[in-house]
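Here the structure is laid out as structure tokens; the discussion comes afterwards.
The values are calculated or read from the model by the stated rules, or taken from the named source; none is laboratory data. Just so it is clear, the model here is predicted, and its values are computed rather than measured. Note: ideal-geometry Cβ built from the backbone for every residue, glycine included; neighbour counts use all protein chains shown.
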Amino acid sequence: MKQKIMRVGNSVGVTVPASFVKSVGIRVGDQVKVETILESGQVIYTFKGAKQLSFNVLQPVKNNESN
């Protein structure tokens, strides 16, 4: 999944696709834990109360340096 960073007031945000929201059962107003791993450039979002996805719902993320 590839998303853009957007301006939200004086902050910035990343949108979450509706299909993902429906798949994991999260809603507007739910809390999200954000972890960053600066060495690898990773950001990990953990949604409290989200349901576990089966492996057939998950799709591999391709690491494409050119994008």
Exercise. Among the residues of region 31-67, write down those that are within 13 Å of the chain's Cα centre (by Cα), at pLDDT 85 or above and assigned to a loop (DSSP other than H, G, I, E, B).
Key: Q31
Quiz item: How about region 28-50: which of its residues are charged (D, E, K, R) and surrounded by 10 or more Cβ atoms within 10 Å (Cβ to Cβ)?
Solution: D30
Practice problem: Please find, within region 14-29, the residue that is modelled with the lowest pLDDT out of those that are in contact with a strand residue (DSSP E or B) (Cβ under 8 Å, 6 or more places away or on another chain) and either over 17 Å from Q3 (Cα atoms) or part of a helix (DSSP H, G or I) (or both). | Solution: V24
